[in-house]
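The values are calculated or read from the model by the stated rules, or taken from the named source; none is laboratory data. Predicted, not measured: the structure shown is a model, and the values here were computed from it. All Cβ positions, glycine included, derive from the backbone under ideal geometry; neighbour counts span all protein chains shown. Calculation scope for accessible area: heavy atoms of the full protein, side chains included, ligands and nucleic acids excluded. Shrake-Rupley method; radii C 1.70, N 1.55, O 1.52, S 1.80 Å.
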Amino acid sequence: MNTIRDISLAPSGEKKIAWVEAHMPLLRSIATEFERTQPFAGLRIALSVHLEAKTAYLCRVMALGGAQMHITGSNPLSTQDDVAAAVAAGGLTVHAVHGCTELEYFEHIDRVLEAGPNIIIDDGGDLVARMHEKYPHLLDGVIGSCEETTTGILRLKQMAKAGTLRFPAVMVNDADCKHLFDNRYGTGQSVWDGIMRTTNLIVAGKDVVVAGYGWCGKGVAMRAKGLGGRVIVTETDPIRAIEAVMDGFRVMTMAEAAPIGDIFVTVTGDCDIITREHFPLMKDGAILANAGHFNVEVAMEDLEAYAAERFSARQNIDGYRLPNGRTVFVLAEGRLVNLASGDGHPAEIMDMSFAIQALSARYLAENRGKLAPGVVPVPREIDLAVARRKLETLGVSIDTLTDKQREYLGW
């Protein structure tokens, strides 16, 4: 039995899925291959990824490969109810509703895990963590997991370090075809899509504060600059800070940036980036958006407690009137702005990321019982295969090393 908003929304979701499928040639080719080879025949796959059209198509590709899919969303505000309905109407099992409560969110995760998955595809680590905490009796049936995002990788590494991770977990996020493109170009575009769609305001001429200069932060800063924003970067890593300086950005502490910024984007993967210390320093009308996986980067509890008044300023924008008379605005409740306020990364970018996911899941299935528990890098041959396929779809040719060149390089 599915847990969705309304099955009658399926036709709208089907249109969205058809659109992204037409722009995801890598996954289409993998779907053809999987349908022929059936790598997941007899296997149950639990998936928790932002449930929008591109994720829906990934689920269908896995199902064509023989998988019995059990699907939920990885963020209460990123689930698109029409897409969930379309997936359910297509015969897959779905437990996901837009705007669900935290209790309902974990109930949906539980329904997916109670199916006894053999492979887990996770975005943020909630499925894996919950599996270990609540369903240890089902762990022996898990071949392994694939993790989509930075936050989830951090959680997996903590579990591995503590010796509590009971199965191999492939670090999809760390593949070159994921972090170099998805994190930089996908996040860079989709964050500003979400912010501009929600606010209907210009970026040009504004001071934009980007917290964090990892691959996602680089993309957000680059696109802000391209839109005409004056970019400030805050960092804790001295090497990344120097890189931001040499890329042409101002670098300072958040306390120094707070009175300057017009738009703030947190993208660190850590908690308490903008806190009670910073709110009273901000301009009247400052806009706060989070591009990290969990809604912990802007300290919302601090803001709720400090503000004299909270009000709805516009759909998906809450205003917080501060004791000093100024007002700051928070987009999407401090949740992942590119999905809670938009459609997420472009289809062409997710084509590469989800190709890595699909092939990594196949790698787990093919190596059942051969991989030790712990974090596992994406095999280099998968990364290179995805890159080659992507170049083919773009009509781009590259040179090939000669035997002499390989010998010279020691290959």
(message) Could you derive backbone 3J(HN,Hα) for the stretch 134-146 from the dihedral phi with the Karplus parameters 6.51, -1.76 and 1.60 (θ = phi - 60°), listing whole Hz in sequence and x where the residue is Gly or Pro?
(response) 10, 10, x, 6, 9, 5, 5, x, 8, 6, x, 9, 10
(message) Accessible area per residue for the chain in Å², computed with a 1.4 Å probe and the full protein assembly in place, what is it?
(response) 43
(message) Report for the chain the percent antiparallel among DSSP-assigned beta bridges with both residues inside it, nearest 5.
(response) 20
(request) Working with all protein chains in place, sort 327, 400 by solvent-accessible area computed with a 1.4 Å probe, largest first. (result) 400, 327
(request) Take the solvent-accessible surface of the protein heavy atoms, probe 1.4 Å, and return the percent of it on the stretch 86-181 that carbon and sulfur atoms account for. (result) 52
(request) Would you rank 185, 408 by solvent-accessible area, highest first, keeping every protein chain in place and using a 1.4 Å probe? (result) 408, 185
(message) Testing the spin-label approximation: label points 7 Å from Cα along Cα→Cβ at residue 115 and residue 33. State their distance in nm.
(response) 2.4
(request) Only helical DSSP H runs with n ≥ 4 go in: add -39500 (n - 2.57) per run for the chain, normalise by residue count and round the 222 nm mean residue ellipticity to 500 deg cm²/dmol. (result) -12500 deg cm²/dmol
(message) Can you list residues from other chains, or at least 5 along the same chain, whose modelled amide H is less than 5 Å from the amide H of residue 374?
(response) 167, 169
(request) Could you please put 215, 411 in sequence from largest to smallest accessible area, using a 1.4 Å probe? (result) 411, 215
(message) With every protein chain left in place and a probe of 1.4 Å, what is the accessible surface of residue 21, to the nearest 10 Å²?
(response) 70
(request) Enter the angle in degrees (range 0 to 90, nearest 10) between the Cα long axis of helix 150-162 and the first principal axis of the Cα atoms of the chain, meaning the one along which they spread out most. (result) 70
(request) State whether the stretch 259-411 is rounded, prolate or oblate according to the following rule on the C-alpha gyration tensor (a ≥ b ≥ c being the square roots of its eigenvalues): a/c under 1.5 gives rounded; otherwise a/b larger than b/c gives prolate, and the remaining case gives oblate. (result) prolate
(message) Taking the alpha-carbon distance from residue 225 and a cut-off under 18 Å, which lysines remain once sequence neighbours fewer than 8 residues away in the same chain are dropped?
(response) 206
